[in-house]
Structures are given as structure tokens and as C-alpha cells.
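Below is one structure; the comments refer to it alone.
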Amino acid sequence: MTVPNESGGAGESGTGTPGGTVPSRSRRRFPGISSRAYEHPADRSALVALRKLSGFDTVFKALSGLLPERSLRLLFLSDSVRVGERQFPHLNDMLRDACYILDLEKVPPMYVNQDPQPNAMCIGLDEPIIVVTTGLVELLDEEEMRAVVGHEVGHALSGHSVYRTVLLFLTSLALRVAWIPLGNVAIMAIVTALREWFRKSELSADRAGLLVGQDLQASMRGLMKLAGGNHLHEMNVDEFLKQADEYEAGGDLRDSVLKILNVLPRTHPFTTVRAAELRKWAASRDYQRIMDGHYPRREEDKDTSVYESFKESANHYADSVKSSKDPLMGLIRDISTGAGDIGGKLRDRFTGSGARSGPGSGPEPDSDQG
């Protein structure tokens, strides 16, 4: 089923045909689609496990009294602009359109917040709230913004807003208890694990954005703008993606360690990495099957196996290690296959000499995945 090109109306608490700002090109709609269809394997396995935990929803609703959710809702209501038919109507149309494409039952509230920093988020325990900054609205064109709105609706459909709210709370709490011996260490360990999961959830939401916009180039342009600003005439998608290859393959073990340290405090993957991951998924059989109408339905979520989800996640990480050009991943491959002279390989990879020669060391530096 494709989205109609003419204007339509949507119910106040649900989805119908989208509003007036709809691309002239036809796009496919995904009735009843489960978020499992587009979720990154690591994200999906964590979510499936959490959804299977007895009383999980009850625990988090009990936490809502401790979390600053009510304060955040009041803050956005009082000091931001709520998107609607008479305020930012083009964003309102995009929001309804995205909910229509992904068949989200209830359109979440959306706010525009005055902030020059380009950003968007989906938070909330009981109901998700989408917030976009003026910096983002001013930076992106219509199709790029459509992918971002689809990205945030993907977060809402997956239930990511709950964990994002918890992450914001714990990060704030870690700062408050920094003076308590070991208290900060315990909280930061949880925060670090949540950030690792959330980085994977961002890759999931990027895929949702592509399903909504169904324009890979627009998604790529949006990510480039987040990295380099509104200077598209000075940027090139292919060159931008080459940066991701260079980032992964370049340097020695010291650089691999620095990459890990650089990403640990972040909730989002680096933009070049997101672009490369999205391009890879867009070229995959999984994406094509969804576009052909073959995808898991929400009605099947209750029957999803936690074991199978974790198995798929483990297989994904194993495949990532096998195909990675990162020096540390190359060393892990050598160790796992029992390659000889591990001490020499370790020395070479730390110093950069011979890091790309010999068996199991990965492709040459000028190899191009694109």
C-alpha cells in the first residue's frame, strides 16, 4: 500500500491519511509493522529481553515518581512551541505522515525548542514526547527533516523513550553523587552500559527514518549536515563515506583504544559511522524484504524468543569482528583462530608496523567497501 499523494486528515489521537506536506513520489506504508523489523540486532535483543521481564512496566511506572518526567513535560509545554496545525504546520504534517507510514497508533506530542545546536530526542515514560531544536529545523531541508521525524517516531515505536529518560536521570544522578565513595562508579557503570545500548538504538532509528522518507540520499545529506553544517555544495556523500572506512581501518592498536575512549561518553555513534551503517542496511536483503511487504508484525511480538534474539545479536557481533578492518578486531581474529606469533603481531599492531601485512590482518588500506 502506498501513501496517497493528496492531502488527508488524521484523527487527533490516532493516525489516518497524512497531512498536506507529503512528497509527490509514492512511498510504501507498513501496516502493523513491528519495530523488530528495523531494529539493530543488539538493540532488538535487549528490548525483547526487557519486554519479557515480568513486572518490567510496573517497575518503570513506579520509577516515574522519581524521574523528572513531569518536570520535562511542563518545561517543554511552558517554554517551547508545540507543533500543531497552527504552529509549525509543516512539521505537524511530517509527524502525522511518519506515524501513518509506520502505523503508530497515537501521534506523540512534538515541540520545537529554541537551541542553536541541531538536535532531536524522544523521551517519556508513560507517553513519548518528541523534541526538535530550532538549530535542526533551520539546518535541514524538507526531505532531510522527514527522515529525522521518522527517526524519532521509530524511537517511539520501539519504546526507546523510556530508556532514554532513565539514561538522562542516571546521568544527572551521577553528577550529584560524585562526592560519595564508589557511588558514582556504580552509577556510571550502568550509564556506560545504557549508552552502549543507546548508540545501537540510534542505528535502529536511522533505519526507521529511511523507512519513512524512503530517500537514502536525503538521509545521507542530513547526516553530513550534522557533521559539517549547511554547506552541501562543499561536501560529497561518497567522500564522506570514505571517511568512515578510513576511521575504521586506520592506525594501530593505540588508535583502536582511543576510538573506544572517544565513543564511551557519547549517546550517539559518530556521523560517518551512522552513514556507513545506514548505507549497508539499505543495500541489504532485510531492507528489500520490508519494502516488498515482508516484515514481522506487532501481533507476533509476544511470541518472540529471547534466546533467538540474543543468538542473532551474538552472530551479528561475530560477523562484525570477522569483517572489521579495525586493528584491534584483526588481533582478536588472530587470537580466536590461533594464529602464530601473537606477541609479534601485538607489537606490530601497537607500533603500526606490519599492521596490514600477513594472514588475518584484514584488507589493504586502500580497499573500498563502496
For peptides 237-248, 98-109, 288-299, 117-128, sequence by mean Cβ density within 10 Å, most packed first
98-109, 117-128, 237-248, 288-299
Report the full-extension gain for the segment Val263 to Glu239: residue separation times 0.36 nm, less the Cα-Cα distance, to one decimal in nm.
6.4 nm
By how many nm would the segment from Glu142 to Leu232 grow when fully extended, if each residue of separation counts as 0.36 nm and the alpha-carbon distance is taken off?
30.9 nm
At 0.36 nm per residue, and after removing the present C-alpha to C-alpha distance, how many nm does the segment from Glu127 to Arg285 gain when stretched out fully?
53.6 nm
Carbon and sulfur %, accessible surface of segment 93-160 computed with the full protein complex present, 1.4 Å
46
Cut-off 15 Å between beta-carbons: net charge of the residues surrounding Glu144, Lys and Arg +1, Asp and Glu -1:
-4
Exposure of Ser26 as accessible area (Å², to 10), given a probe of 1.4 Å and all protein chains
80
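The values are calculated or read from the model by the stated rules, or taken from the named source; none is laboratory data. Every value quoted in this text rests on a predicted model; they were computed, and no experiment measured them. Positions of Cβ are backbone-derived with ideal geometry, glycine not excepted, and every protein chain shown enters the neighbour counts. Surface areas here come from the heavy atoms of the whole protein model, side chains and all, with no ligands, DNA or RNA. Shrake-Rupley method; radii C 1.70, N 1.55, O 1.52, S 1.80 Å.
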